[in-house]
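A short write-up of the structure that comes next.
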Amino acid sequence: MKGTAAGALLACIVAVRCLAQDPGEQQGSRALTLDDFRRIRSLQEIRAAPDGKSVLLRIGTVDSAADRYTSDLWLLDLDSGALRQLTHHPERESGARFSPDGQTLAFIADRGPHARVFALPLSGGEARPLFHFEADVAEFTWCPDGKHLVFAAKDPQPDSAAVGSRSRPLVFTGTQFKADGEGYLDGRHSHLWLVDLPTGAVTRLTAEEYDDTEPEVSPDGRWIAFVSKRTANPDESYDTDVFVMPVAGGEITRVSRERGAATHPRWSPDGNSLAYVEPILPDDYGAISYIWVADLADASGSSPQFARPRNLTRTLDLSVGEGSYWEGGSPYPIWAPDGHALYAAFESRARLHGYAIDARTGQATLVSGGDRMTEYLTPAADGRRLVFGTTDSTRLTDVYVAAADGSGLRRLTHLNDDWFHDVRVSALQRFGYRSKDGTQVEGFVVKPLDYVAGRRYPTVLAIHGGPQWYYSMSYSTFFQLLAARGYLVVYTNPRGSTSYGQAFSSIVRGRYGQEDYADLMAGVDAAVARGWADPKNLFVTGYSYGGVMTNLIITRTTRFAAAASGGGVADFAAAFGVDDEHHDWMVQWGGPPWRVPLKYHSMSPINHVAGVRTPTLFFHGGRDQRCPVGESERMHLALRLEGVESKLAIFPDESHEFDHAASAYPERLRLIMDWFDAHRR
Amino acid sequence: MSMSRLTVFAVLALLPCRLEAQRNISVEDLNRIREVSDPQVSPEGEWVAYTVSVPDTVRDSTDTDIWMTSWDGARSVRLTWTPGEEHRPRWSPDGRYLTFLAARDDKRETDQIWLLDRRGGEAERLTDLPGGVSDYTWAPDSKRLALIASDADSNVIAQESDTVLARRRPPIVVDRLQFKKDEEGYLTHRRNHLYLLNLADATRKSELLTPGDFDEMAPAWSPDSRSIAFVSKRRPEADRDNNWDLYVVDATAGATPRQLTTFPGPDMDPEWESRGPSWSPDGNLVAYMQGGRDELIYYAGQKVAVAPAAGGPARVLTASLDRNPLSPTFSSDGSSVLFLLEDDRVYHLARVPAAGGRVERLVEGRRAITDFSVGRGGKLAVLASTPATPPEIYAVEGKDLRPITHQNDAWLASVRLSPVEEISFKSKDGTEIHGFLVKPADYQPGVRYPTILRIHGGPVSQYFNEFDSDWQILASAGYAVVAANPRGSSGRGEKFSTAIWAAWGQKDGEDVLAAVDYAVGQGIADPARLGVGGWSYGGILTNQVIARDQRFKAATSGAGQGNALAGYGTDQYIREYVAELGQPWKRPDVWMRVSYPFFHADRIVTPTLFLCGDEDFNVPLLNSEQMYQALRSLGRPTQLVIYPGEPHGLKRPSHVRDRLERYLAWYGKYLAPAQGSAATR
């Protein structure tokens, strides 16, 4: 359920958006409320400023009046910790990049009529659009002369409103014609373009029917590295590769060699090497992503020759992690300014740990470990300091600075202190337990705020999405709200979860509801056995794949007093071709529904719904293209026809990401908690 | 009638050197002239902030942006780039911020205060006052701002809503004596009040300082940041007179304002003076403008006065000057008061000792200095124009001006301008009258040219040594332009201004005709091809002249009036009419006398083009309609051009251009200028 990786995130998102703060136990005086959600300032990006003294931050906030998420760019002084807001526009800014001379900050923003590149002079004054282009700019990179940019954008098209788009059918011939969050795809491809800034002249660099993305210009200004899926049938493959072409246009050379999805090309500071991220295992979105370096062997000709790429992190055998704000993606790898090492955070047993990887030997040195998440690990431009965000279960993310070896950690920001300082939070506690087949599984418990040892509490089992994703050790608004309402929250990383090794994760592919189900139930058993959970007051909830599992669980057990299932699937055959990830289903289930009908039939909760007794809340985004809204509708109908209490809550404007209205997510939490409250026994 | 003084100032414009010109100026050049205004020297004296306005022909509006130029003139930075109008730039006294007003991101399209961090970054919106902010000023401590904001407009709020019901516009209920004002519309009890904004208050909520059914304006902080001086008429039925006074209020909510001046006429008449009063550096005195006797209305001469801040009798500093001062401002050492001095066809920068004494003209010359800014350590920047150069900012160095801005240099280098000569001549009764003569482009001595008499508005204003694009474009089109400052004009003392009291069209009519006689007498004007035209009082006097004299072959009468009785109650001049003419039912003879053009419309033979904006509340459209109707009924060649949505001063670049093109076409049709002139190209 590849797409559900994003969905999975969602389950954690809150986590991420809400990331938490301050060393030690938070000893505030009041409990967290739903209203606090809109107060959260979340770190979404760190980028080193060329002066070596500061870093750029992107900080997300909730615009309550407009009911949406937004973000702004800030400059953080690494010595004083002084934080200065650079943008104030109601639309978010993204993709910020300093100009080669360090005098200008360019970023992408949709300030009408579409997404454009803006230039903000750092000496003062407001941002202005850098050049004119009639379509959304998705990504861009400066050329080292500061006079050119390479950007990725789709072809401009005539204003669709002018040709009566409402009456015009959308026509498709390929197999991938929709995507969650975007809706129906328009068939246009992302190409690379070169703009000459002094004249504003835009030149097309690529034209083929592929999506060319992530352009990165080499330090000598000769080459563009980019990511594309230049295969015969790109809709039926995840195998993106890193390619290189001359900035002047010309032959395109493939650099990455594996069958996994290669992404994130990064030129070394001397321009002699190209690093990128690529898994070895194909067709598995839970595959471990390795850092590779390809050395430039011969740059004398019109197309560069690269030596065979070296897998730098084969021995470390951890997967390169996210930033970790869900929308920001991964910033990694990042070269040390002197080119001797590459920095990245890696997924390590529910944590993100920062490592420096020697660019020659691949030797990995831990620079930020511990029971916390390391986010946006970034070397300052002076190379002497590391900057990163950290969060754990009691603290929202703040920015820290440390020496290049990770020593001398010092907190620089206090993004949420103004409101979070008097909030009481409950720290998570890790617990290991054995599953039915003896496999060791890691679980976490967040106890109610006024927890008294020896007392049993109503307990919520939370199931993350993915399934190839993981519950991390970051702060979670949802779990803290449950703790404030007197619930004990049990959440675990059952088989299928990432960050515990490839085998632990991949075993779940094509076998949902077996090892993962056993691991989840064993987690509940452990919570009961340890005297935490009241077995009469057990609840279960999950979103995306977590919703699939919730649907499955209510068909298999009656131990839960109530369930809340969000963004899940009821009938994999019915969802096939209606959702946006048919390829992953074919890989996992071994073919389309008409080839392996029994597989789809047995996997689908709807076929086992007879006899369900658990009162269940279904919630779903009306514009969900990942797990279509019909799946919750179907489950709700089935439960009602079976005479079981059920409630269906549809958020009409939400996609699977659930990020359209800022009020949608807290409203979803309110619905779930009220549902559980109403079913406490 | 009086096109207000402020409007006159808005159009002011100097140039030290003439560059080799390349082409004759044309209507197209209206879009190329960059209007510089509002110079503000930064606290450290290194920069001058100002605004630059250019016509935006796409949006058909004015694009005003904030710029700053280094004191040495070497570096210019454009600080804002959005298409709307950013204006009123003000430095925080500590130099950290530059604030400005803009209506961006505001559904109600009202101006709010924006804060720009001088270290870099985009501006942040500081206020959200539903009625909009019209004026503001920084406290010397840089921690607070005093601002003037209007009460919310219920009609505008209704339009924000989407429902038909809410969009229904409520009736406007009128019960004020003065119930109309151009550019403001119908005056109700929606008032302008003084507010206090504390930057340290994170809620950014502005505190109302002066509630009540009064308007407050022009706030000025005392040097100790404890109190604010402002201008108001804080008494019932205040519309009945123009007796504005200065008040002082402690800068704390709930404080009671105390009246500082008691002169029975206007102190700081807002029609004259938009700048706030000026505190002496020691806080003991407040400098301001004292008007004349209230019954003399706008004909009265103005004086510079100082009042003790603690209370007590005020002292007039320019009692014997008999010239209008403007914008009195204490010098940084407090020893003198700087002000602009309006003299015959020029504006000087002048000063008078704070203790009283001789008025000294700091910068003389045949030009117009129309604004100035005082920096610490005596740095002085002025906005200056000559007939050959649009307004630019200059540094005062001794008696000389050194250019700081060069916004129009490139344009000036590309066009050929006609020299503007100052002329003097005798009127019918022997009175010496002053004016200007512009010979047509490519003027050949001995050849007589079609000649246009231009008449200024006011009546109490004057043509002076500033850049006038209309004159240049008419001259470029082959016309000689003659302009007079007839009796009623300012610049030559109060007696000269009051000479037309209740006798419009008589002495001043003779004076402008004498200008034409002069041009004919010089062998320049062709007596058979004479045209006349003006706007506002210039339109009124045009109507007077064509009804009294039949020599003109074409006239353009913009926003004029022929029948003062039609203006009573329909325009904004109720108090002025009664003061000058008496009540219509008591003095019908006087009203009839000044209404000569309408009651003698049958004497008019000149083909006349009438023009007016349909939202003009100064000299409303109905007056032009009435004159058009009269001439049309009489079978005279005439036409009426109505500019939709326009107040007294046209706003839209397309309308400004259209007006000039219509002048050229109308005069072209009846006066036949030489072939091959620039306008026909």
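Of the residues making up region B:497-515, those that are over 18 Å from residue B:457 (Cβ atoms), in a helix (DSSP H, G or I) and in contact with an Asp or Glu (Cβ under 9 Å, 6 or more places away or on another chain) are B:510, B:513. Identify all residues within region A:628-660 that are closer than 14 Å to residue A:605 by Cβ and basic (Lys, Arg); write none if there are none. Answer for region A:628-660, where residues must be closer than 14 Å to residue A:605 by Cβ and basic (Lys, Arg): just A:634. Looking at (1) open to solvent by 10 Å² or more (accessible area, probe 1.4 Å); (2) within 14 Å of chain A (Cβ to nearest Cβ), can you tell me which one residue B:138 breaks? Among (1) open to solvent by 10 Å² or more (accessible area, probe 1.4 Å); (2) within 14 Å of chain A (Cβ to nearest Cβ), the lone unmet condition for residue B:138 is (2). What about residue A:65, is it of a type in the set (A, V, I, L, M, F, W, C), over 22 Å from residue A:52 (Cβ atoms), within 14 Å of chain B (Cβ to nearest Cβ) and open to solvent by 60 Å² or more (accessible area, probe 1.4 Å)? Spelling it out, residue A:65 is indeed of a type in the set (A, V, I, L, M, F, W, C), over 22 Å from residue A:52 (Cβ atoms), within 14 Å of chain B (Cβ to nearest Cβ) and open to solvent by 60 Å² or more (accessible area, probe 1.4 Å).
Assess whether residue A:435 counts as being farther than 30 Å from residue A:273 by Cα, over 24 Å from the mean Cα position of the chain (by Cα) and crowded, with 24+ Cβ neighbours inside 10 Å. The answer is no for residue A:435. Considering region B:226-248, the residues that are more than 16 Å from residue B:192 (Cα to Cα) and crowded, with 19+ Cβ neighbours inside 10 Å include one that is modelled with the lowest pLDDT, namely B:242. Considering A:31, A:48, the condition of being away from chain B (no Cβ under 14 Å) and in contact with a Pro (Cβ under 9 Å, 6 or more places away or on another chain) is satisfied by A:48 alone.
Look at residue B:583 and say whether it is more than 25 Å from the chain's Cα centre (by Cα), open to solvent by 10 Å² or more (accessible area, probe 1.4 Å) and within 23 Å of residue B:300 (Cα to Cα). So residue B:583 fits the description; yes.
Total residues in region A:110-120 satisfying the condition of being in contact with a strand residue (DSSP E or B) (Cβ under 9 Å, 6 or more places away or on another chain), open to solvent by 10 Å² or more (accessible area, probe 1.4 Å) and more than 10 Å from every other protein chain (Cβ to nearest Cβ): the figure is 4.
Residues in region A:83-98 that are open to solvent by less than 30 Å² (accessible area, probe 1.4 Å) and at the interface with chain B (Cβ under 10 Å from one of its Cβ atoms) were compared, and the one that is nearest to residue A:53 (Cα to Cα) is A:86. Set side by side, the residues A:587, A:578 differ, and just one is β-branched (Val, Ile, Thr), open to solvent by 10 Å² or more (accessible area, probe 1.4 Å) and in a loop (DSSP other than H, G, I, E, B), which is A:578. Between A:74, A:142, the distinction of being within 28 Å of residue B:76 (Cα to Cα), within 14 Å of chain B (Cβ to nearest Cβ) and either loosely packed, with under 15 Cβ neighbours inside 10 Å or not charged (D, E, K, R) (or both) belongs to A:74 only. In region A:299-307 there is no residue matching the filter, namely being assigned to a loop (DSSP other than H, G, I, E, B), within 30 Å of residue A:395 (Cα to Cα) and modelled with pLDDT of 95 or more. Of the strands (runs of 3 or more DSSP E) lying entirely inside region B:22-127, those containing at least 3 residues that are within 14 Å of chain A (Cβ to nearest Cβ) and either in contact with a His (Cβ under 7 Å, 6 or more places away or on another chain) or over 21 Å from residue B:148 (Cα atoms) (or both) are B:47-56, B:61-70, B:76-78.
Scanning region B:292-324 for residues that are open to solvent by less than 50 Å² (accessible area, probe 1.4 Å) and hydroxyl-bearing (Ser, Thr, Tyr), we see that the one that is farthest from residue B:497 (Cα to Cα) is B:318. Only one of A:123, A:80 is at pLDDT below 95 and either open to solvent by 20 Å² or more (accessible area, probe 1.4 Å) or within 13 Å of chain B (Cβ to nearest Cβ) (or both); which? After applying the criteria, what remains is A:123. Among the numbered conditions (1) out of contact with any Gly (no Cβ under 9 Å at 6 or more places or on another chain); (2) open to solvent by 50 Å² or more (accessible area, probe 1.4 Å); (3) more than 13 Å from every other protein chain (Cβ to nearest Cβ); (4) not basic (Lys, Arg), the only one that residue A:101 does not meet is (1). Only one entry of B:327, B:335 meets the criterion of being open to solvent by 20 Å² or more (accessible area, probe 1.4 Å) and either among the polar types (S, T, N, Q) or touching a helix residue (DSSP H, G or I) at 6+ places or on another chain (Cβ under 9 Å) (or both), and that entry is B:335. Count of region B:433-462 residues, restricted to those that are within 21 Å of residue B:390 (Cα to Cα), in contact with a Gly (Cβ under 8 Å, 6 or more places away or on another chain) and surrounded by fewer than 24 Cβ atoms within 10 Å (Cβ to Cβ), is 1. Just to verify a result, which residue in region B:249-286, among those that are open to solvent by 10 Å² or more (accessible area, probe 1.4 Å) and part of a strand (DSSP E or B), is farthest from residue B:147 (Cα to Cα)? This residue is B:285. Of the strands (runs of 3 or more DSSP E) contained entirely in region B:338-386, those carrying at least 2 residues that are farther than 15 Å from residue B:491 by Cα and open to solvent by less than 40 Å² (accessible area, probe 1.4 Å) fall at B:360-363, B:368-374, B:380-386.
Residue by residue, here is whether (1) within 27 Å of the chain's Cα centre (by Cα); (2) over 30 Å from residue A:479 (Cβ atoms) holds:
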{"site": "A:543", "(1), (2)": "yes, no"}
{"site": "A:556", "(1), (2)": "no, no"}
{"site": "A:577", "(1), (2)": "yes, yes"}
{"site": "A:584", "(1), (2)": "yes, no"}
{"site": "A:634", "(1), (2)": "no, no"}
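Of the residues making up region B:291-298, at least one is within 17 Å of the chain's Cα centre (by Cα) and not aliphatic (A, V, I, L, M).
State yes or no: is residue A:133 aromatic (Phe, Trp, Tyr), within 14 Å of chain B (Cβ to nearest Cβ) and in contact with a Pro (Cβ under 8 Å, 6 or more places away or on another chain)? No, not satisfied.
The values are calculated or read from the model by the stated rules, or taken from the named source; none is laboratory data. In this text, all values refer to a predicted model and were calculated from it rather than measured experimentally. We place every Cβ from the backbone using ideal geometry, glycine too, and count neighbours over all the protein chains shown. The area values use the complete protein model at the heavy-atom level, side chains included, leaving out ligands, DNA and RNA. Shrake-Rupley method; radii C 1.70, N 1.55, O 1.52, S 1.80 Å.
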